[in-house]
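To start, the structure under review is shown below, and the notes come after it.
Taken together, the values in this text are just the output of simple stated rules run on the coordinates, not laboratory data. Remember, predicted model here, so these are calculated numbers, not experimental data. With ideal geometry, Cβ positions are generated from the backbone for all residues, glycine too; neighbour counts draw on all protein chains shown.
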Amino acid sequence: MTFHMRGLEAEAFAPLFGLSDPDLHAIGAKRVYADEADAYPCRVTLTRVPAGTELLLVNHVHQPAASSPYRASGPIFVSRSAATGHYRGELAPILINRLLSLRAYDAAAMIVNADVAEGDAVLDVIERFLADRQVAHVDAHFARRGCFAARIERA
């Protein structure tokens, strides 16, 4: 089964880059600069940014269904990028070589399955979850910190 994942839309975050640090603080966001390569996963490009890259650490509602007890938000990094990452049939770079918590949701935003995987096993879990017709999408989270990483859907 083919799947795809797409980064968040850059346009939603672009105005935030023009805010001052005090204004960002007032909305619960923070400007940061990557102090090492491969440590800051951008949810727009779905890549790990190089050292020195400006990012915003913001709260993002990744499970917005108000009718679901699984409604959720959490911290994510976004870089100032016009290029939204799109990956079909392959893992986005931010997911490679990371321990991931994978959560399968139905159309009502209820969890119907969950697992933890790393390396090649991630693809196996995605395929298994998406083979179940009741699964509408799979959300990947970084298992250690719990942050939302990417949404995975059938292609």
*Which is farthest toward the positive dipole end of the chain among A10, L24, S67, measuring Cα position about the Cα centre, with Cβ charges +1 (Lys, Arg) and -1 (Asp, Glu)?*
S67
*Would you calculate, for the chain, the mean residue ellipticity at 222 nm contributed by helices, counting each DSSP H stretch of 4 or more residues as -39,500 (n - 2.57) and dividing by all residues, to the nearest 500?*
-3000 deg cm²/dmol
_On Cα atoms only, tilt of 121-131 relative to the major axis of the chain in degrees_ = 60 degrees
_Value of relative contact order over the chain, rounded to a whole percent, pairs C-alpha under 8 Å and six or more apart_ = 25 percent
_Ranked packing of 80-88, 93-101, most packed first, by mean Cβ within 10 Å_ = 93-101, 80-88
_Alpha-carbon spread of the chain, three principal axes, descending order, Å_ = 46, 34, 26
_Quick check for me: using +1 on Lys/Arg Cβ and -1 on Asp/Glu Cβ, what's the dipole size of the chain about its Cα centre, in debye to the nearest 20?_
220 debye
*What do you get for Rg/Rh of the stretch 1-76 when both radii come from the Cα atoms and Rh is the Kirkwood radius?*
1.02
_Net charge of neighbours whose Cβ lies under 15 Å from the Cβ of G7, counting Lys and Arg as +1 and Asp and Glu as -1_ = +1
*Using a cut-off of 14 Å between beta-carbons, work out the net charge of the residues near R103 (Lys and Arg +1, Asp and Glu -1, R103 not included).*
-2
